[in-house]
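First comes the structure, then the notes that go with it.
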Amino acid sequence: MNYNDCLLCNDAPCRKACGVFDPDRLLRSLYFENEDVVRNRLNGSIPCLHCDGRCRKACPMKIDIRKILLQYAEDNEKKPIDYSVLKTDFCGFPLENPFLISSSVVSSTYDMCARAFEAGWAGACFKTVCLMDIHEASPRFSAIRSDRGRVIGFKNIEQLSDHSLVENIDIFKRLKKNYPDRFLMISIMGRNDEEWAYLADVIDKECADALELNFSCPNMTEGHTGSDVGQIPELVERYTRIVKQHSSLPCIAKLTPNVTHIEESADAAIRGGADGVAAINTIKSLIDVDIDPTDGVFNASIGGYSGKAVKPIALRFIAELSKDRNLERKHITAMGGIETWKDALEFLVLGADSIQITTAVMLYGYRIIDDLRDGLALYLQQHGYSSIRQIEGSTIRGIVPSEELDRSYIIYPRFLREKCVGCQRCFVSCMDGGHQAIRITEGKPVLLPDKCVGCHLCVLVCPNEAIVSSEIKVKKKQ
C-alpha cells in the first residue's frame, strides 16, 4: 500500500499512536501532490526512524507509513516557507493568499466561514442569497469514482441559501466584524429588475467587500434565474447594470459554462459595469441514470457537475476569458476541479487572479488550505519568484489554435523494457485504436517507427509507466 490508500482520517490513529510528530499531515501532503513540501519538512530524517512502526499497527489500512516517509527523508537544506509570496488582492482588497471558498454549501453559515478563515482561507463567497423560498431535494449529491475509489466527478442539485435574507445579513455583519482582514463576497440572485436592485441595496459595505452576481446556477427550479440568465448576454448586461446602479461594491459576474462562447456573456457583464468575472459554475449533467426495470420508471435528474473531471473544461474557459481584451485589468476568479496547488497554478498561469474551491472542500475539508498554501509558496520560492503576480497569465501566450500547431515533426514514444511487465496493453490499444505501430517480441512490445505517428496512445494506456515520450523531434518524411 502507498499514500494514495490513506483514508485522510480526521482524528488520525497514526498520529495518536506516534505521539512524536504528525505522520498523517505528511501523508496528506503526499496525497495532494506536495512531495517537495514533505522533503523540506523531513530534511534528511524522521523522528520515528528506529521506532517499532506503531503507526502502521494503528492505521485502519495498515499503511507502512515509516517506509513511505523514508523515501522522502533526503539530506538537504530545510527552507522555511515564505508565505508572503502569496499575497495578492481582490479588486483592491488585500488577500494573504489567492484561495477562497466558493459560493456553495461550504460557505452557507457563520460557523462554516469562520472555521474556513481560522484554517487559513483568505476569504469566502457566501452561498447565494435570494428572495425565493428554497426547498432542497434529498439526497442531492452523486459521484463518479476512479478505479482507486477517489471521487473525480461530482454532481449536485443544490440550489441557494435557505436562510432568510434577514438571517443572512446578520451573518455577514458578524463575519465582517470578527474577521475584518478576510475577504467576504456575497453571491446574489434575483428574478427580476426589482429583486436585483433590492438585494444590491441591502447588502452594503457593512455586510460585504464585493458582490457576486449568480448568472450560472444550473439547478434552479424558478424560470428566468441562474444559468437561464447567463445564457442570454442581454440579461447579463441588464442585471449587472442594475446592480451597479444600486451598489458601490465591486461586482463580479459568475458565468455559466453551459454556453459555446463564454466571452459573450463576459463582455455583456463588462458593458453593464462589472469589475470582473467568476468562472466556471457547474456543468449540466446526468449521473446514476436508473436502469432498474422492476418499477417500470427510469428516474434521473439533471444537476451540476463539478470535481476533478471538469478541470480541463474550466481551464479552456479561463484561457478564453484571459485572451478577451474587454477583460484587461478586470478581476478573473477561477474555479472548476481544483484540488491541489498544481491545479491552482494552472489557472493562475492562464490569467486567473484568485482561486475558488468547493468540491474538494466538500470531499476533504477546509484543511486542504495547508497544502494549497505550502505547495504554491514553495514552488514560487524554488523558482525565484518574489510574488504570485509574476506568474499570473505567464502561459496564456502559449495557448494557440489547432490550425497554428507545428505538424512537421513526430515525437516517438520510448519503451523502458526494464519496467515493462509484458501485459501488452499498449499493443492492444495501438492495434485497435491507433496505427498498428507495435509488434510483440519475446512477450514485450517493440516500436515500428515506419508506422508510428507519435500519437502517444501507448504512453497513456501503459499501467506501469513503462512507455514515455522520447522528447526528440523527428522531421516527417516529405
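Once the gyration tensor of the Cα atoms in segment 65-137 is diagonalised, the equivalent ellipsoid follows with semi-axes of 37, 20, 9 Å, ordered largest first.
Placing +1 on the Cβ of every Lys and Arg and -1 on the Cβ of every Asp and Glu, with no other charges, gives the chain a dipole of roughly 1900 debye about its Cα centre. For segment 257-265, the Karplus equation 6.51 cos²θ - 1.76 cosθ + 1.60, evaluated at θ = phi - 60°, returns couplings of x, 7, 9, 8, 10, 5, 5, 5, 6 Hz by residue, with Gly and Pro reported as x. Applying the Kirkwood pairwise sum to the alpha-carbon positions of segment 282-366 produces a hydrodynamic radius of 14.7 angstrom. Sorting the segments 308-314, 45-51 by their mean number of nearby beta carbons within 10 angstrom, highest to lowest, gives 308-314, 45-51.
When a/c reaches 1.5 or more, the comparison of a/b and b/c decides; with that in mind, is segment 3-70 rounded, prolate or oblate per its Cα gyration tensor? Since a/c reaches 1.5 but b/c is at least a/b, the shape of segment 3-70 is classed as oblate.
Taking packing as the residue-averaged number of other Cβ atoms within 10 angstrom, the listed peptides 399-412, 22-35 run from highest to lowest as 22-35, 399-412. Our summary of shape: the Cα atoms of segment 139-235 have principal axis extents of 48, 37, 24 Å, ordered from largest down, in whole angstrom.
Packing around the peptides 420-426, 347-353, taken as the average count of other Cβ atoms within 10 Å per residue, puts them in this order, highest first: 347-353, 420-426.
Cross-link partners of LYS477 among lysines, defined as those whose alpha carbon lies under 22 angstrom from its own and excluding same-chain residues fewer than eight positions apart: LYS451.
Once the Kirkwood radius over Cα pairs is known for segment 171-324, the Stokes-Einstein relation at 25 °C and 0.890 mPa s delivers a diffusion coefficient of 147 µm²/s. Helix 165-178 axis versus longest C-alpha principal axis of the chain: approximately 70°, rounded to the nearest ten.
For segment 406-475, averaging the sequence separation of C-alpha pairs within contact (under 8 Å, six or more residues apart) and dividing by the residue count gives a relative contact order of 47 percent.
Counting other Cβ atoms within 10 Å, which GluC sites (Glu not before Pro) in segment 223-306 have at most 13 and lie in a DSSP loop?
For GluC sites (Glu not before Pro) across segment 223-306 that sit outside H, G, I, E and B with at most 13 neighbouring Cβ atoms in 10 Å, the list is empty.
Taken along its principal axes, the alpha carbon cloud of segment 406-475 reaches lengths of 34, 22, 19 Å, longest axis first.
Here is the size of segment 50-172 from its Cα atoms: Rg then Dmax, 21.2, 62 Å. Taking every pair of alpha-carbon atoms in segment 85-398, what share in percent sits in each 10 Å bin, from 0 to the bin with the longest distance? Each 10 Å bin holds this share of Cα pairs: 6, 29, 37, 22, 5, 1, 0. Can you give the angle from 0 to 90° between the axis of helix 193-202 and the longest principal axis of the chain, with both taken from C-alpha atoms, to the nearest 10? For helix 193-202, the angle is close to 90 degrees. Classify segment 105-188 from the C-alpha gyration tensor, please: rounded if a/c falls under 1.5, else prolate or oblate depending on whether a/b exceeds b/c. It comes out oblate by the Cα gyration axes.
Readers should treat all values here as calculations from the given coordinates under stated rules, not as data from a laboratory. Owing to the predicted nature of the structure, the values given are computational and were not obtained by experimental measurement. Reconstructed Cβ throughout: ideal geometry from the backbone, glycine too, with neighbour counts over all protein chains shown.
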